[in-house]
Amino acid sequence: MVPAPHSSHAPHAFLRLERGAPATLAAQLVEQLRRAVLEGVLQPDHLLPSSRELARELGVSRNTVAAAYEALAADGTVLVRARRAPVVAHVPVRAGGQSAARAQPAAALPRLSRSARRLAAVVPPDRLDALLGGRPRSRPFGVGLPDLDLLPWRIFERCLARRLRAMSAEGALHHDPRGALLLRRAVLHHVAVARGVRATVDQVFITEGSQGALDLCCRALLDPGDAAWVEASGPLALRAAVRMAGARPIAIPVDDEGLRVHVGARRAPRARVAFVSPASAFPSGARLTLPRRIELLSWAGGAGAVVVEIDYEGELRFDGSPLPSLLGLDVEGVNDRVIHVGSFSRSLFPGLRLGFMIVPPALVRAVAQVRAASTRSPPYLLQAALADFIDEGHFARHLRKLKQATRRRRDFLLAELGRALPAAVRVRAPAGGSVLTLDLPEGSDDVAIVKALAARGVDAMPLSRGAAGRARASRAPGLILGFGAHAEPALAEAARTLAAVVGEAIGAGGRR
């Protein structure tokens, strides 16, 4: 048998190797010997058996033991000497058999930075649990989810397979921090036609979704302590990106005409960046009117600020003629002050992780330097396949189909909610996008209602949690519902569940 500690003749009873286990025999031996050293079972200067002797006692090959000894020697657990038996190194061990490395007091454990703690507060615990637990999130009325059944998967698969077969050295070694030229060209053509954007291909950057674009904007434009305008009920991830740069997100209210620019100019007149969703503010769907757009650009010119236009669902406009993007306006200075951000996560699928940004000509080199120093563009293969998908007309056809389905589902859900919800609940119909909002009676607990819905298989977002800054204190309770990801039967069932939960909550509140 294998010798015990401090003796070359007594057995090491703690060694138990299992053939057929996921870990190799050598890896098992390394782990068990290292644990014995850390826990004080094997003391410093203990002579270990030779590789030949230990192999014979354990019934394994000598190469297995030799490989384990080499791994332990590499991390300093044992000392291997020529023509002499290996010896246990001097690893600090606490009294009672605990290694110093494993018995640190709680105060000595790694501490999160202030920035990380602020960011952690942005993500609700229930949302984090769902992400870490891998639970499916495609449930009515989840927000920001596409209908995967509408996507022409076979066509996209063919584009991907064709590009994989034709992969060249240019693609395999691609390193332009702006992204693949073929996708930048395809994106520019799409936004020029669909959103009226005026730019050149040199201004286009391919990013890891819209969030990657926003992170890049924050790194390039914001210093610690700078102020940045954000829409009061805008996405939590945007505020997180601003905080990651050490800057301060300043919540600016949104009304039926979009961002209230005069309020922003009063609260933070020297803000460095204004993040705004002119086509469809979240969650109301309000679009920034032309007078407000001119007012916003005029403020940015006077303040020396940059306007970041976030075009989440600009193509999904149902009522009224869509206004062009800010970069489509024929206004002096607009091309010097506006960054246009778009994404394919909602129009195709989130796992694609592809978005884009169009930056002013004067900022192209600077943003490219920041990108090259921090991250790289997404995988070339995906970029090339998406470029083909766009260039061959598949994306435009898919968008038309998506818009028709989303509008049909909006109208269907509005009718269902109108019949089922209590009269005290007001439904606000969006003119575009894939979410609508419910205004609950004063005093309702929208967070509790969302939890009750989740327990019954229905998702929603509370309006109160989505608000930021001063808006949180004044925000009336309500729910944000996504309706674009599911067909009418699923929406009808979810609407009945929603009506029952809301009715119970309002009734309980009235009895109190």
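In the chain, the DSSP beta bridges split such that about 65 percent are antiparallel, to the nearest 5.
Where (1) -0.40, -0.52, -0.65, -0.79; (2) -0.33, -0.43, -0.55, -0.69; (3) -0.55, -0.67, -0.77, -0.87 are the candidate values, the label of the one calculated here for log10 I(q)/I(0) by the Debye sum over Cα atoms at q = 0.07, 0.08, 0.09, 0.10 Å⁻¹ is (3).
Subtracting the Cα-Cα distance of Glu493 and Asp330 from their residue separation scaled by 0.36 nm leaves 54.0 nm. Close amide H partners of Val308, meaning residues 5 or more places away or on another chain with modelled amide H under 5 Å apart, are Ala274, Phe275, Val276, Ile339. Prolate is the label for the range 151-395, because the ratio a/c of its alpha-carbon gyration tensor axes (a ≥ b ≥ c) is 1.5 or higher and a/b is greater than b/c. How big is the gap, in Å, between the Cα center of the range 319-384 and the Cα center of the range 390-429? What the calculation gives is 26 Å, centre to centre.
Rounded to whole numbers, the Karplus 3J(HN,Hα) couplings from phi for the range 306-315 are 10, 9, 9, 8, 9, 9, 4, 9, x, 6 Hz, using 6.51 cos²θ - 1.76 cosθ + 1.60 with θ = phi - 60°, and x at Gly and Pro. Rounded to the nearest 500, the helix-only mean residue ellipticity at 222 nm of the chain stands at -13500 deg cm²/dmol, with each DSSP H run of n ≥ 4 adding -39,500 (n - 2.57). On the beta carbon distance between Asp129 and Arg62, with R0 = 60 Å, the FRET formula returns roughly 0.75.
Distances between placed amide hydrogens fall under 5 Å for Arg426 paired with Asp439, all partners being 5 or more residues away or on another chain.
Computed from the coordinates by the stated procedures, all read-outs in this text should not be read as laboratory data. As the structure is a prediction and not an experimental result, all values here were calculated from the model. Ideal geometry is used to build each Cβ from the backbone, glycine not excepted, and the neighbour counts take in all protein chains shown.
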